[in-house]
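Below you'll find the structure, written out as structure tokens, and then a few comments.
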Amino acid sequence: MSDLIYFVNRWSKARLDLSNLKLESLSPEIFKLNCIKSLDLSKNNLANLPIGFEQLTSLEILDLSHNNFHSFPPIECLPSSLKRLFSEETKFLASF
């Protein structure tokens, strides 16, 4: 994953698409992607966001659609830079 982080930080500066990969969790190394403005995690099997997700300080757009979260991520776990959050057809197993 460190090669991917180098590539994304060096060249991307914008969008990372990790959709439809059947991910059940995210590596903490994702926090090294501090230049990402848009992150697509849709169509995976995610049940939660990792602790420290708020460290993605450039993130403005996050797509969590079509996942299986136990509950909606607490607002303090989301980056303060976030402007758009998509959660279409995401199953939240616990109520708010």
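The values are calculated or read from the model by the stated rules, or taken from the named source; none is laboratory data. Since this is a predicted model, take the numbers as computed values, not measurements. Note that we place each Cβ from the backbone using ideal geometry, even for glycine, and neighbour counts take in every protein chain shown.
Scanning the range 49-66 for residues that are under 10 Å from the mean Cα position of the chain (by Cα) and not acidic (Asp, Glu) returns Leu49, Pro50, Phe53, Leu56, Leu59, Ile61, Leu62, Leu64.
Looking at the structure I just gave you, is Ser42 at pLDDT 90 or above, within 10 Å of the chain's Cα centre (by Cα), under 21 Å from Asn20 (Cβ atoms) and not aliphatic (A, V, I, L, M)? In short, yes. On the stretch given as the range 35-82, residues that are outside any loop (DSSP other than H, G, I, E, B) and in contact (Cβ under 8 Å) with a residue 24 or more places away in the chain total 10.
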